[in-house]
Every structure is written in structure tokens, then in C-alpha cells.
1. Collect the residues in region 89-117 that are at pLDDT 95 or above, within 18 Å of Gly60 (Cα to Cα) and not aliphatic (A, V, I, L, M), keeping them in residue-number order.
2. Kindly indicate which of Gly60, Gly31, Gly3, Gly71 is out of contact with any Cys (no Cβ under 6 Å at 6 or more places or on another chain), farther than 21 Å from Glu96 by Cα and touching a residue at least 24 places away in the same chain (Cβ under 8 Å).
3. Scan region 53-65 and tell me whether some residue there is at pLDDT below 95, surrounded by fewer than 18 Cβ atoms within 10 Å (Cβ to Cβ) and under 28 Å from Asp131 (Cβ atoms).
4. Is there a residue in region 108-115 that is over 25 Å from Asp15 (Cβ atoms) and assigned to a helix (DSSP H, G or I)?
5. Going through region 93-107 one residue at a time, which ones are over 18 Å from Leu8 (Cβ atoms) and assigned to a loop (DSSP other than H, G, I, E, B)?
6. List, please: which pairs have Cβ atoms under 6 Å, are six or more places apart or on different chains, and start with a residue in region 86-114 that is at negative phi and end with one that is aromatic (Phe, Trp, Tyr) and assigned to a helix (DSSP H, G or I)?
Amino acid sequence: MDGSIKPLTIEDYDDIIRVWSDAGLPFKPKGRDSREMMQKEMRLDVCMFFGYYADDRLIGVGIANFDGRRGWINRVAVDPDYRGRGIAGQLIAVCEEFLYDIGAIVICALIEDINEPSINAFQKSGYSTMDEIKYFSKRRSWDD
């Protein structure tokens, strides 16, 4: 599919939330996905939000961040009307390039087992699954 990928800014916030919502990706608007938190992340040199545009409409989003040890690809979502065209794979590739360029050796993604579109996109991009790993988190609130 013809389109373009470019870095996103906080001015794209409403469109990012729209894509996540349309794609069925849950988000935390009072916590980590608030405008304020996303703006803080966007200012970090080790974090980049990428958007896929068809014409002038944002239809895909992916976030790359580096924790100093591993690269992480997060929140990849594509508008359901545009799925199956390789857009998620292109977003993953751009995130990988960013992460490798800033020093990541291993790149990871956490995906809920019910999120088949993301699982398929990462598998097609060469990622393997480690079912024996358990994910633990500690939160100040469920909004985070």
C-alpha cells in the first residue's frame, strides 16, 4: 500500500487515540496514555512514535523505546479498514531501524494472547514467541 511513515508529535494525539480506539486497542487516557505522559515520552531521545499515513489520514501507529538494555515496540495498531496490507510490518521495520540505530541488540514486544492481528504482524516480521514467560507489572492504579 502506498503511504508514508513519519514521526508523530503531541499535535497528533487525538489521531493516535482515534487509531487505537478504531483498532480496538485499549488505552489509559488518565494514565500512561494521557496527553501529558505521551508528550513527556515524545521528548525523550530513546522513544519515538511513528505514524503511517494514507493520503493525509493517520491509519497506523507504532511506538519504539529503548530502556538501555532492550528495544521495545509498543502499541502497534492499524485501522481495521487498512489491515492485511503490510502496514503493521512497515511500522515494525521503522521501529526496529530506530532501535538498532540507538544501540538496541534485542528487540521485544509484549502482546496480549487475544490480539491476533498483532501476533500475526510480529510473526510475519520474524519474531518468535516465548510462551513460558510470565508478565508481571506493578501499578499505582489501573489507570496507569
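1. Gly89, Gln90, Cys95, Glu96, Glu97, Phe98
2. Numbers: Gly60 fails: farther than 21 Å from Glu96 by Cα; Gly3 fails: farther than 21 Å from Glu96 by Cα; Gly71 fails: farther than 21 Å from Glu96 by Cα.
Among Gly60, Gly31, Gly3, Gly71, only Gly31 is out of contact with any Cys (no Cβ under 6 Å at 6 or more places or on another chain), farther than 21 Å from Glu96 by Cα and touching a residue at least 24 places away in the same chain (Cβ under 8 Å).
3. No: zero hits.
4. Checked region 108-115: no residue is over 25 Å from Asp15 (Cβ atoms) and assigned to a helix (DSSP H, G or I).
5. Once the filter is applied, which keeps residues that are over 18 Å from Leu8 (Cβ atoms) and assigned to a loop (DSSP other than H, G, I, E, B), region 93-107 yields Gly103, Ala104, Ile105, Val106.
6. Between residues of region 86-114 that are at negative phi and residues that are aromatic (Phe, Trp, Tyr) and assigned to a helix (DSSP H, G or I), the close pairs are Ala109/Phe122.
The values are calculated or read from the model by the stated rules, or taken from the named source; none is laboratory data. Note that the coordinates shown come from a computational prediction; the quantities given were computed from them, not determined experimentally. We place every Cβ from the backbone using ideal geometry, glycine too, and count neighbours over all the protein chains shown.
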